[in-house]
Amino acid sequence: MRLVKENLEPSKTAIIVVDVQNDFCHPDGACARRGSDVSGVKEMMPHLHGLLSGARTYGVPIIFIQTFHEK
């Protein structure tokens with residue numbers, strides 16, 4: 001991915017992905033059921049996948065963070 005290669009130094013870079021999980025992103029997830037608009041996620045996901053693919057190509061670490069919320 002050109003963005004990673006031209007703009008980032010892989011040895012000093014990491015990708016942090018926060019809360020890309022069904023409750024926050026899926027049309028049937030908890031946020032959507034409460035009325036939040038999650039329609040933009042569908043368009044965003046291919047971009048995220050491209051970024052992650054480019055990061056993997058250049059050995060950039062990818063960290064996934066999942067939060068939990070208790071009622």
### Query
So what is the relative contact order for region 6-71, in percent, with contacts set as C-alpha pairs under 8 Å and at least six apart?
45
### Task
May I ask you to compute the full-extension gain from Phe68 to Asp37, defined as 0.36 nm times their residue separation minus their alpha-carbon distance, rounded to one decimal in nm?
9.1 nm
#### Entry: Solvent exposure of the chain as accessible area per residue, Å², 1.4 Å probe
79
### Task
Please report, as a whole percent, how much of the solvent-accessible surface of the chain comes from carbon and sulfur atoms (probe radius 1.4 Å).
54
### Query
When the chain is fully extended, how far beyond the present Cα-Cα distance does Ser11 get from Tyr58, taking 0.36 nm per residue of separation?
16.0 nm
### Within the chain: Cβ-based charge dipole about Cα centre, in debye rounded to nearest 20 (Lys, Arg +1; Asp, Glu -1)
140
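The values are calculated or read from the model by the stated rules, or taken from the named source; none is laboratory data. Source: prediction; values computed, not measured. Backbone-built Cβ (ideal geometry, glycine too); neighbour counts: all protein chains shown. We work out accessible area using only protein heavy atoms, side chains counted, and drop any ligands, DNA or RNA first. Shrake-Rupley method; radii C 1.70, N 1.55, O 1.52, S 1.80 Å.
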